[in-house]
Amino acid sequence: MKREEIRICVLRIEGTNCEQETFDSFNRLGASPEIVHLKQLTGKSSENRKRDLLDYQMLMIPGGFSSGDYVRAGAIFAARIKSALEDQLRSFVERGSPVLGICNGFQVLVETGLLPGIDEIMSPVPRAVLGTNDSNRFECRPTYLVNENEGRCLFTALLPKKKVVMFPSAHAEGKLMFPSDEEEKIVSLLDDEDMVVFRYTDSIGNYADYPWCPNGSVDGIAGICNSIGNVLGLMPHPERAFFNFLSPEWTRRGGPNEFGDGWAIFESAIQYIEKKW
Amino acid sequence: MVVAEVRIELKEGVSDPEGANTQKALELLGFSGIERVRSVKAFEITLSESVGDQKEAVEEMCRRLLANPVIHRYSIEFK
């Protein structure tokens, strides 16, 4: 499939943010992103604006505070997606199309049951949660992450193993938790199945607790993928590290307009789609 | 009309930074003897009489949106 034919659905509702940055990232790579309101997929818009999820090659759920983060972060967005698009979303993931959820998008993927997605595409009820940060604060700063994935996750194909990247974090509810009586078992299963994608580290790549890990997430996990490897959720924002000039360290990292750490996530997805279809 | 009061609370053992922080703030204000503060979320849902099985309807609301079973338990009381 040609790069410019790759259609990417950047999904928005009230309160999402960073959809423009995400759009710009895919656009810069030569793909064809489109910012789509959820109503356009559920048929509640005018005829000429209606869209079909299955016409896209990739679904991107951006960050923000969808529906004001009322009830729970991401819960309302997830419930609305699931009530109208459950079957389509299931087919979308089953056929191998990439789904990326950043920040609030990760919370949405967990609330829909698409993540962790251990032995099912989508669980009927959530199997994990992104809870309030241990600090009970909105934590907003650059964070270091190490690429833990050995090859399952399609989004890190171009990122060397164990490479440390810096993506900004900006969230109040980013603490990944599983049911407490099974937490250890689930984490080791995720590790064994190569479904852990990023862990928080200090600046030289050692696993580290707060403040390096902004939220108290179980085992310092920042991002996970499903068992197929085509659904990735992470709390930090790769689209806010797409260009070098977005990094606070850019003067030490080459020209401002060169690609930054976040580039690999988007480019990996595009290359995967180019090869697959 | 019937009013359902839904109470969403954290399961025992789940950390509650909001409660802990509130306790700290209260202690900073000079209140002493506080053993524990737990945060709880409540919704008051008014249903019309035409809703058949009201208890089942509200439970379905908890399952589909209001609670996440990983960390929450919920209770429903009709007023």
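Give the residue, chosen from A:96, A:15, A:43, A:30, that is modelled with pLDDT under 95 and surrounded by fewer than 23 Cβ atoms within 10 Å (Cβ to Cβ).
Criteria check complete, one pass: A:43.
In the set B:22, B:46, which member is loosely packed, with under 11 Cβ neighbours inside 10 Å, at pLDDT 95 or above and of a type in the set (S, T, N, Q)?
The match here is B:46.
With A:211, A:168 as the choices, which residue is under 17 Å from residue A:233 (Cα atoms), away from chain B (no Cβ under 11 Å) and either acidic (Asp, Glu) or surrounded by fewer than 23 Cβ atoms within 10 Å (Cβ to Cβ) (or both)?
Every option except A:168 fails the conditions.
Among the residues that make up segment A:133-140, is at least one of them away from chain B (no Cβ under 14 Å), in contact (Cβ under 8 Å) with a residue 12 or more places away in the chain and of a type in the set (A, V, I, L, M, F, W, C)?
Looking for residues that are away from chain B (no Cβ under 14 Å), in contact (Cβ under 8 Å) with a residue 12 or more places away in the chain and of a type in the set (A, V, I, L, M, F, W, C), one finds at least one in segment A:133-140, hence yes.
Pick out the one residue from B:58, B:3, B:37 that is in contact with a Lys or Arg (Cβ under 6 Å, 6 or more places away or on another chain) and among the hydrophobic types (A, V, I, L, M, F, W, C).
None of the other options fit; the residue is B:3.
From the list A:146, A:187, which one is over 16 Å from residue A:231 (Cα atoms) and over 17 Å from the mean Cα position of the chain (by Cα)? Don't jump to the end; show me each part of the working.
Working: A:146 fails: over 17 Å from the mean Cα position of the chain (by Cα).
Only one candidate qualifies: A:187.
Scan segment A:1-14 and tell me whether some residue there is under 18 Å from the mean Cα position of the chain (by Cα) and part of a helix (DSSP H, G or I).
No, because not a single residue in segment A:1-14 is under 18 Å from the mean Cα position of the chain (by Cα) and part of a helix (DSSP H, G or I).
For (1) within 11 Å of chain A (Cβ to nearest Cβ); (2) under 24 Å from residue A:218 (Cβ atoms); (3) assigned to a helix (DSSP H, G or I), each residue gets a yes or a no:
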| residue | (1), (2), (3) |
| --- | --- |
| B:8 | yes, yes, no |
| B:14 | yes, yes, no |
| B:27 | no, no, yes |
| B:43 | yes, no, no |
| B:64 | yes, no, yes |
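Return yes or no: is residue A:217 out of contact with any strand residue (DSSP E or B) (no Cβ under 9 Å at 6 or more places or on another chain) and within 20 Å of residue B:70 (Cβ to Cβ)?
Answer is no for this residue.
Would you confirm, using the coordinates I've provided, whether residue A:84 is within 13 Å of chain B (Cβ to nearest Cβ) and in a loop (DSSP other than H, G, I, E, B)? Full working, then the answer.
On the way: within 13 Å of chain B (Cβ to nearest Cβ): yes; in a loop (DSSP other than H, G, I, E, B): no.
Criteria not met by residue A:84.
Given the conditions (1) surrounded by fewer than 19 Cβ atoms within 10 Å (Cβ to Cβ); (2) in contact (Cβ under 8 Å) with a residue 24 or more places away in the chain, which single one is not true for residue A:60?
In the conditions (1) surrounded by fewer than 19 Cβ atoms within 10 Å (Cβ to Cβ); (2) in contact (Cβ under 8 Å) with a residue 24 or more places away in the chain, residue A:60 misses (1) alone.
The values are calculated or read from the model by the stated rules, or taken from the named source; none is laboratory data. Everything numeric in this text was worked out from a predicted model, so none of it was measured. All Cβ positions, glycine included, derive from the backbone under ideal geometry; neighbour counts span all protein chains shown.
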